[in-house]
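These notes concern the structure reproduced below.
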Amino acid sequence: MSGEPVLPDAAELRRRFAFRPELSLLYDRRHGLEHRLNETAATLVSCTFSSPEPASAVAGHLGVTQDFAAGELARFWNRTVSAHTRPHSTRKSGAPPGWAAADLPFPLVIEVELTKVCNWHCDFCYNVWKVPDDYGRRARSVTGGAGDGLHLPIEAARRILDEAAANDCLRIRFSGGEPTLHPRFREIIAYAGAKGFDIELFSNGTLIDQSMASFLSRSGVRVLLVSVHGLAATHNRMTANPRAFEHAMNAIRAGLGAGMTVLPECLVSAENIGEVPGLVTRLAGLGVRHASFMPFVPYGAQAPRRAVALRAVQNLIGECTQTTGGAVSFRVPCAPRHCLETEPVPIRDRVAEEFDDHCAAGVLWMSVSYEGRLRHCPHSAVYAGDIAEGIGQVWRERIVSTVREALQPSHPACAGCGQLAACQGGCHLGKVRSYPGAPPGRRLLPVITAGGR
């Protein structure tokens, strides 16, 4: 009968969508759209992805005729494929607590450091190789070279992406150093795009002109994160690069023009907080609709700048929201405690949505260093293993169990807090000191205060 929906090509569906049955989650990697599935919908998806004859498989599972099953499959997938064109709810909060409670066989997201090379010299940089043991001033960046030990080998990048694709990883984020300085950057991005991943790129924007932005968008990069830490003079001073602000603005324009979601990320410290509203106003004028504020975390007495209270960041978000008329939404990454206090304080009510994520490093996502070493968080110098051992095996046998132990509340205020399930106590980086079967690493970032978790 004409007008009846037709089941889309199953191979294309498998490439575009990732199915994680342990979470009843279907993820549209092309548009970054989550579909929470009921039991019947999960059956339709499972049969589509696992059976050469999906309609027969559905009919057997649900006890219906094959014609009825074929019609339901076609209607379900036609509606799902076009869901991004219709209004839909957006998850403003972090991942549902139930997700972190599940022991996933493979991470949902992997952040991959492509290189240690960077053309900025930020005095607050969190790259672990730039942090001295005494938490003193950061080393200057390695600014060039194609020799061994500077970049993730392309064979290693392919190995990571192959294993991630085979295990329905949802999203890949590429970072560095400055990832675009990898000598085979375009090949790696194209390979990830051919695997169908939802791709994020974290860059300083130096090499992202209109041509590069067009290539990134065509290759599947959906989100472009660009570091920008103030107006021109402040940003250039913080990055020790006289044209850093110019390049960042050009990259933001190019990314927006190529149709990517552009997410500027701004480090917030006492030295630059006063001009952040002006920066946000300028970004909004370019068409930016989302931004992140990263509160500066001091490493020690020699830290070159001063932290601001989380309450001050909360007030900053309010001011920027008012200044832009609500045109820009904000998030605070790295999941601070929901009580927003230096020392834990039990609370009952949910914190403002900009802060209400929880750090899922090691339970939902993980990081691979430019050397191919595995860890729960890119800010950690404690490694669980190497990609040669298998990402999934190291994840299941070392990372998840160690992080689960680190997440157990040790402070009475956390243990008795009504928001512990949502908060998980904030950053747990300092509590992961070693992994079973792996040599101890360097414990960096003393972000846990004496009275903390």
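The values are calculated or read from the model by the stated rules, or taken from the named source; none is laboratory data. This one's a predicted model, so the numbers in the text were calculated from it and none came from an experiment. For neighbour counting, all protein chains shown are included, and Cβ atoms are generated from backbone atoms with ideal geometry for every residue, glycine included.
If the condition is being without any contact (Cβ under 8 Å) to a residue 40 or more places away in the chain and in contact with a helix residue (DSSP H, G or I) (Cβ under 8 Å, 6 or more places away or on another chain), then region 236-248 contributes Asn236, Pro242, Arg243, Phe245, Glu246. With respect to the conditions (1) touching a residue at least 60 places away in the same chain (Cβ under 8 Å); (2) over 27 Å from Cys125 (Cβ atoms), Gly325 lacks only one, and its number is (1). Looking at the structure I just gave you, is Arg29 modelled with pLDDT under 90 and within 30 Å of Ile188 (Cβ to Cβ)? No; evaluated as a whole, the condition is false for this residue.
Step by step: first the residues of region 26-68, then only those that are closer than 26 Å to Gly259 by Cα and of a type in the set (A, V, I, L, M, F, W, C), then the one that is surrounded by the most Cβ atoms within 10 Å (Cβ to Cβ). Which residue is that? Filtering first and then ranking leaves Leu26. Of all residues in region 33-55, those satisfying the criterion of being within 16 Å of Arg75 (Cα to Cα) and among the polar types (S, T, N, Q) are Asn38, Thr40, Thr43, Ser46, Thr48. Among residues of region 425-453 that are over 18 Å from Met366 (Cα atoms) and in the same structural domain as Leu407 (by TED's automatic domain parsing), those with a beta-carbon under 7 Å from a residue that is modelled with pLDDT of 80 or more and among the hydrophobic types (A, V, I, L, M, F, W, C) at least six positions away or on a different chain give the pairs Gly425/Leu407; Gly425/Cys414. Quick check on region 429-439. Is at least one of its residues modelled with pLDDT under 85 and more than 26 Å from the chain's Cα centre (by Cα)? Scanning region 429-439 turns up at least one residue that is modelled with pLDDT under 85 and more than 26 Å from the chain's Cα centre (by Cα).
When region 376-424 is filtered for residues that are in contact (Cβ under 8 Å) with a residue 60 or more places away in the chain and under 22 Å from Tyr126 (Cα atoms), the ones remaining, listed by number, are Pro378, His379, Ser380, Ala381, Val382.
Quick grid of which residues meet (1) within 26 Å of Glu275 (Cβ to Cβ); (2) acidic (Asp, Glu); (3) touching a helix residue (DSSP H, G or I) at 6+ places or on another chain (Cβ under 8 Å):
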site	(1), (2), (3)
Asn204	yes, no, yes
Ile208	yes, no, yes
Gly220	no, no, yes
Leu225	yes, no, no
Gly230	yes, no, yes
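Among the residues of region 373-420, just one is among the hydroxyl-bearing types (Ser, Thr, Tyr), under 28 Å from Ile347 (Cβ atoms) and not in a loop (DSSP other than H, G, I, E, B), namely Thr402. Mind checking which residues of region 220-254 are aliphatic (A, V, I, L, M) and assigned to a helix (DSSP H, G or I)? Of everything in region 220-254, those that are aliphatic (A, V, I, L, M) and assigned to a helix (DSSP H, G or I) turn out to be Ala232, Ala233, Met238, Ala244, Ala248, Met249, Ala251, Ile252, Ala254.
The strands (runs of 3 or more DSSP E) located wholly in region 8-115 that include 3 or more residues which are outside the structural domain of Lys195 (by TED's automatic domain parsing) occupy 17-20, 25-28, 33-36.
The set of residues in region 198-219 that are part of a helix (DSSP H, G or I) and in contact with a Gly (Cβ under 9 Å, 6 or more places away or on another chain) comprises Gln210, Ala213, Ser214, Leu216, Ser217, Arg218.
For region 342-382, taking the residues that are at pLDDT 85 or above and small (Gly, Ala, Ser), the one that is nearest to Ile110 (Cα to Cα) is identified as Ser367. The listed residues are Arg184, Arg173, Arg140, and the only one of them that is at pLDDT 95 or above and surrounded by fewer than 19 Cβ atoms within 10 Å (Cβ to Cβ) turns out to be Arg184. Can you name the residue in region 313-338 that is more than 15 Å from Pro295 (Cα to Cα) and among the aliphatic types (A, V, I, L, M) and is also surrounded by the most Cβ atoms within 10 Å (Cβ to Cβ) among such residues? Per the stated criteria, the residue is Val328.
Looking at (1) at pLDDT 95 or above; (2) part of a loop (DSSP other than H, G, I, E, B); (3) of a type in the set (D, E, K, R), find the lone condition where Arg282 falls short. Answer for Arg282: the failing condition is (2).
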